[in-house]
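Take a look at the structure below.
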Amino acid sequence: MTCWAILSGIEGNLAAYEAVLADIKRQRHPVEELYILGDVIAATPASLKVIQRIQSPRANEPVPQVCQGWWEEQLLILHGLGRTGEPTELIERYGVEMVKTLWDAIPREIVEWVRSLDFGFFEFDSLLIHGSSVSVSDELTPDTHPIQMLDRLLRMDANILFCGRSGLTFQYEIQQGAVTSSVTTLDQATSPQVVSIKPKQVIGVGNVGRIPGKASYTLYNPYTNQVEFRAVRYGSGKGFQTAKGT
């Protein structure tokens, strides 16, 4: 039996990433795929060492598959390669000083690697992405309205959406049901259409590097749909905790 390891938000914290890799090696069932859902970098020069580690997996380690996150998008915007022209979100969240901090922290040669990353991955019936099918900034949480969750799933015809933007670990289930919709124009109203909805899930995969001394990530078995949340402690209080999805 094999499984996937899904993580997000290393944010330049190499010690946290190493702790997660060590925990992956301890698993009873081998990890077949390693997905990193964005925010590998942050506004710190330490991000370079994380990227170098990702690019050079060691023997018996899965090769990481990495997609863009919020920090990667902000970096591309600064270099005129993003989907918007101005780093508005970066300034609103951290202040204008962060523009120079991020620019100085990440070497120019890393930008092309960031630019080459995918927006997300679609495997089997699962969408793996930093934010959602809308954008990397779209933050899904356990409090997100079910209609919004369903919209993000239906946009890509996915039954399971793995995301990392919130940094939380959660398992959000949408039960089987139906959605009725209709379109009204100035000329006429169309007949309502009923779309049957199969059970779907949105899974928050946690955050590796944001909280010092504690990294969280997710193990997933694509053949049984079993979800297991892992909390790995490193440094002076190292160890690990397990919380199974419900």
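The values are calculated or read from the model by the stated rules, or taken from the named source; none is laboratory data. In this text the structure is predicted, and so the values were computed from the model without any measurement. In this analysis, Cβ positions are derived from the backbone assuming ideal geometry, glycine residues included, and neighbour counts consider all displayed protein chains. Note: areas computed on protein heavy atoms with side chains; ligands, DNA, RNA excluded. Shrake-Rupley method; radii C 1.70, N 1.55, O 1.52, S 1.80 Å.
Of note:
- Of residues in the stretch 12-56 being open to solvent by less than 40 Å² (accessible area, probe 1.4 Å) and among the acidic types (D, E), the one farthest from V208 (Cα to Cα): D23
- Whenever a residue of the stretch 95-120 is closer than 21 Å to P64 by Cα, its partners that are of a type in the set (S, T, Y) and surrounded by 14 or more Cβ atoms within 10 Å (Cβ to Cβ), lying with C-beta atoms within less than 7 angstrom and at least six residues away or across chains, give the pairs I106/S47.
- Residue match in the stretch 49-59 (condition: assigned to a loop (DSSP other than H, G, I, E, B), touching a residue at least 24 places away in the same chain (Cβ under 8 Å), under 17 Å from Y17 (Cα atoms) and polar (S, T, N, Q)): no
- Scanning the stretch 74-83 for residues that are open to solvent by 20 Å² or more (accessible area, probe 1.4 Å) and either assigned to a helix (DSSP H, G or I) or of a type in the set (K, R) (or both) returns L78, R83.
- Note on the stretch 84-128: among residues that are open to solvent by less than 70 Å² (accessible area, probe 1.4 Å) and acidic (D, E), the one that is farthest from I51 (Cα to Cα) is D125.
- Yes/no for V63 being open to solvent by 10 Å² or more (accessible area, probe 1.4 Å), in contact (Cβ under 8 Å) with a residue 60 or more places away in the chain, farther than 15 Å from P107 by Cβ and of a type outside the set (K, R): no
- Within the stretch 135-152, considering residues that are over 13 Å from the mean Cα position of the chain (by Cα) and open to solvent by 20 Å² or more (accessible area, probe 1.4 Å), the one nearest to I77 (Cα to Cα): R152
- Of all the listed residues (E92, E73, E86, E112), the sole one being acidic (D, E) and under 22 Å from V208 (Cα atoms) is E73.
- Near pairs, Cβ below 8 angstrom, 6+ apart or cross-chain, from the stretch 156-181 (on the phi > 0 side of the Ramachandran plot and of a type outside the set (D, E, K, R)) to any residue that is at pLDDT 95 or above and surrounded by 13 or more Cβ atoms within 10 Å (Cβ to Cβ): G167/S8; G167/G9; G167/G204; G167/G206; G167/N207; G167/R210
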